Amino acid sequence: MSSPPSSSLYPIHLLMDELKSEDVVLRLSSIRRLSTIALALGPARTRDELIPFLQDQLDDEDEVLLVLAEELGGFKEYVGGKEWAWMVLGPLENLAAVEETLVRDKAAESISKISAVLSPQAIEEHFLPLLRRLSSGDWFTSRTSACALFAAAYPIATTPVQEEMRKMFSGLTTDDTPMVRRAAAKALGPFAKAAADLPNQHPLLISDFIPLYRKLASDDQDSVRLLTIPDLIALATALTPDEVREHLLEPMRASVTDKSWRVRYMVANEFVGLAEGVGETVIREELVSAFVGLLKDNEAEVRTAAAGQVPGFAKLVDKEVILARILPCVRDLSTDSSQHVRASLAMQISGLAPLLGTDATVEHLLPLFLQLLKDDFSDVRLNLIGKLDQVNDVIGIERLSQALLPAIMELAEDKQWRVRQAIIEYIPLLAQQLGVQFFDDKLGQLCMSWLGDTVFSIREAATINLKKLTDVFGVDWARTTIIPKVLEMGDHQNYLYRMTTIFAITTMAPALNLAIIKDHVLDSALNLANDPIPNIRFNVAKCLETLAAVLAGSPEGQEIIQRRIIPAVKKLQDDQDADVRYFATKAYERTTGDELRGAEPMVLS
């Protein structure tokens, strides 16, 4: 038997052996157990033995290093709490300088997490030297990692340390390597926000942070300039409207008209956030024209991003501005040569309806909806259909149906099955607004026709649609209108139709009552238990299980289960097909077991 001292050394020795193994999976497994090993060692030995060991141990596999960087981020408790959290910075510093970007990013994230809990003294004694070393490292890898570390520690640091941190960051923004300047541009926004949230730091935004932003926003590399757009938003949000006009207007104009489409794309993609940050006056005087310019940009990617911002930006301006300036651009975009621009517009155009009101929507937007619904590109049609409820709220279902029903009927027979599926999913919402009479006259036959579609996903969606319609119109409507048609398909010579009957019964069962199941549905399901196709028979087993779950809530239902369902399931248990026997046995166990009352309806496959 080993003595206590040697047994207490066991965890660290085991870790050492596993980390030297050639098997990457074993090394990964041991790194993932670090917290358990640290817990076994206790805080003192973790600080004295485990942390130094990890500092010397740099694996050659990036996958292992990534997990190590992540694990160390939560190591504060294992080294003795906040007081000793700085101990973890050592191994993380090594990881922050490796070549693999994912490892560096995770290490920087963990360092930020640790630095956020340090005391001002620990920031000065332990974090600041680390920051100096990384910021002045020979390799660009350590300098890029350094950029991400300023924001978390800055609010905790003392005033002299904060001043040094700002100077260090300024040096990184003028680094010779574009990768470092990119990292600095990415980190400037969070750093400026951390400063803006502190008392008495507002003047520093103008004296220190805006010059850094201007420097990066005029960088000769577009990959750096495009990353300054979130910085612009962060600074604009922290400044007053007058300060924005004085200090940020010029670089903002430059970004909107930048010669690189990637920068303009970034502006377009973040336009609503930018507009919300700069205030009403700047929106009125500058951004409306800028937005119109982006909607008319030469590059399709920029127009696509701008089209996605239309309703968000329209909320920030007057209705007159929407009609006079934005709507003409929207009209042009609806016939844009790029399908992606039209798809982006179709996704967002419905958001204009609540802003324009009933009359303007009917006059200006409905013609555009009709045009987009007839677009050759299926994504355009899908995106518009998915958002029609916003228009319905504004102009009412009667006008909407008059204008759009012919187009919807056309799409219901579209050769692209995804388009047909999108229409099916929209039907319950239409039905709720249209009412029973209109639905039965115009859409009832259409819904039943989908049950015989050649694509399984459409038939499945059609059965779910019938359940939702039953929820909307009630079980009496279902009994007279759809159930007879569904059950009629159970006698069809094509087995796919018979299968659809079973699917429909199973899906609709939770929405039906005992009388309908007993008088109409159950007989059809039991008849299909004798079907020559095994796939139908095992789906009947699943169906009977679901029906039993619905019936189990009443004494009469339980009597039907015992008298009719269980004998049928038992018979299926003796079926010649193995799959049928398997599903019948599962159905029998669940139907006769204790879990019956709370059973979920079975999902069909």
For 462-468, 336-342, 91-97, ranked highest to lowest by mean beta-carbon neighbours within 10 Å, the order is 91-97, 462-468, 336-342
Karplus-derived HN-Hα couplings along region 118-125 (A = 6.51, B = -1.76, C = 1.60, θ = phi - 60°), whole Hz, x at Gly and Pro: 6, 7, x, 5, 5, 4, 6, 7
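By average Cβ neighbour count within 10 Å, what is the ranking of 419-430, 184-195, 165-176, 65-76 from highest down?
184-195, 65-76, 419-430, 165-176
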(1) 25.9, 83; (2) 32.9, 90; (3) 27.4, 93, with the label sought being that of the calculated Rg and Dmax of the Cα atoms in Å: (2)
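Of LYS374/LYS485; LYS186/LYS259; LYS259/LYS319; LYS442/LYS468; LYS415/LYS542, which ones are farther than 26 Å apart at the Cα?
Distance filter (> 26 Å) returns LYS374/LYS485; LYS259/LYS319; LYS415/LYS542.
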Pick out the long, greasy-scoring helices in the chain: whole DSSP H runs spanning 18 Å or more along their own axis by Cα, mean Kyte-Doolittle at least 0.0. 4-19, 178-196, 397-412, 417-434, 456-473, 495-508, 534-551
Tell me the mean residue ellipticity at 222 nm calculated for the chain from its helices only (DSSP H runs of n ≥ 4, each -39500 (n - 2.57), averaged over every residue, nearest 500). -19000 deg cm²/dmol
Protection proxy (average C-beta count within 10 Å per residue), highest first, orders 408-418, 238-248 as 238-248, 408-418
Charged-residue dipole, Cβ positions (Lys, Arg, Asp, Glu), the chain about Cα centre, Debye nearest 20: 840
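Plugging the Kirkwood radius over Cα pairs into Stokes-Einstein for region 474-604, at a temperature of 4 °C and a viscosity of 1.567 mPa s, what D comes out in µm²/s?
Working: Rh = 14.4 Å.
Result for D is 90 µm²/s.
The numbers here are math on the coordinates, done by the rules we state, and not lab data. The structure displayed is predicted, hence computed values, not measured ones. Ideal geometry is used to build each Cβ from the backbone, glycine not excepted, and the neighbour counts take in all protein chains shown.
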